[in-house]
1. Pick out, in residue order, every one of the GluC sites (Glu not before Pro) in region 1-109 that is DSSP loop and has at most 13 other C-beta atoms within 10 Å; say none if there are none.
2. With +1 assigned to the C-beta of every Lys and Arg and -1 to the C-beta of every Asp and Glu, and no other charges, what is the dipole magnitude of the chain about the Cα centre in debye, to the nearest 20?
3. Within a Cβ distance under 9 Å of Lys227, other residues only, what is the Lys/Arg minus Asp/Glu net charge?
4. Can you give the FRET efficiency for Asp78 and Phe325, using 1/(1 + (r/R0)^6), R0 = 35 Å, r = Cβ-Cβ distance, to the nearest 0.05?
5. Normalised by the number of residues in region 35-231, what is the relative contact order in percent for Cα pairs under 8 Å and 6+ residues apart?
6. What does the charge dipole of region 62-213 about its Cα centre add up to, to the nearest 20 debye, if the Cβ of each Lys and Arg holds +1 and the Cβ of each Asp and Glu holds -1?
7. With bins 5 Å wide starting at 0, give me the P(r) of region 61-217 over every alpha carbon pair, in whole percents.
8. Measure up Lys204/Lys227; Lys58/Lys204; Lys44/Lys205; Lys87/Lys219; Lys238/Lys322; Lys44/Lys194 against 19 Å on the Cα-Cα distance and list the ones that go over.
Amino acid sequence: MLGVFVGSAALIIILSVFNGFENVILSMYNTFTPEIRIEPSKGKTFDPSEVVFTSLKKDSRISNYTEVLQEKALLKYDDGQYIAMVKGVSKDFLKRQNLDSTLLQGAFILEAEDTPYAVIGSMVQFALSINVGDNFRDLQVFSPNKGKSNSLNPAEEFTVKTIHPIGVFQIQQQFDESLIVPLTFARELLGEEKNISAIELYLKKGESAAKFQEELIQKLGSEFLVKNRVQQNELLYKILNTEKWAIFFILTFVLIIAVFNIIGSLTMLVIDKKKDIAILSSIGADTALIRNIFFVEGMMISLIGCIAGMFAGYVFSVLQQKYGFIKMAEADFITDAYPIGINWVDYVLIFVTVVLISTIASAVSSRLSVKHLNNSKDEL
């Protein structure tokens, strides 16, 4: 019973911690990954002034509508050079929640007194050794000039703009290799007067993203791709799911070992109660009754241990979630204590797993209990 107790509690606690880390990672991603993203299926840009998009902008179900124009460009800061993704965003971008939680340095400001500013990723800062506190050095951004090619003067083939870096954010390499700038700055740099690369949407609380996505797919047709968060970060979600299932199966093997100890325990019990079994048989108990006695005992051992372990794991998870008494070694992580995420599906899954394993183990043990029943009666 203690073995099942420990195994069940360990499964609950470790899966809850993993859920907590998953929630932290996804919350960081979700600051930059919208609920719905609209992209052209062919080409890089499209015109957002079409009727379908102007009506979409007025949709009451949408809480945040951000137009995005992005392209790779060459960055230069002092003698350093780096190729990064320049992401120009409309003003609604700054209305997103938890933007400040991604900041390492500076502030999340894109425009002040008609002056554009850039918020750069940590990879860009590291590669170029950018000091956001230095007000006298700006970042140079080079982008190919669409109007000119094969010019005698190579400098004419590039549009060069300067912008001051005012903040540094850190999420993950995919985002940290970019810089966020105002949409107007990106238009001037990339030579796009009206087209954009994507539209990013956040819905109001309570609205179904899946239903809204399906509706948009029908409206926009095959000319546009409408992606939800999973489709935008397929690799991330696959890795998180794979890791969680791997942890579950590894710990389940430990639990199987604990549960199958029931066979040993019940076998010892059968040996100890051999005379009692023979007496029961002599006064009329058939093999099915004797088998069921040991089967029920095996199930009681495992189920009491499982329920008690799950309850202990739940209590521990709630206390850690509320008080965070187990701290992390990394002091500069987004949270100082191990995060916890309670998912009731995990409890159901663990309970079903224990019941299944316990049924097999108890059935094997109960069959062994009556295997030599006739010999026991003769000995008695």
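Coordinate-derived values only; no laboratory data. Keep in mind it's a predicted model, so treat the numbers as computed, not measured. So basically every Cβ, Gly included, is an ideal-geometry build from the backbone, and we count neighbours across all protein chains shown.
1. Those satisfying the criteria are Glu50.
2. So the dipole magnitude of the chain works out to roughly 1220 debye.
3. Overall, the nearby charge balance is +1.
4. Plugging the Cβ-Cβ distance into 1/(1 + (r/R0)^6) gives 0.15.
5. That works out to 37 percent.
6. 500
7. For region 61-217, the binned pair fractions read 2, 9, 17, 20, 19, 14, 9, 6, 3, 1, 0, 0 percent.
8. Lys44/Lys205; Lys87/Lys219; Lys238/Lys322
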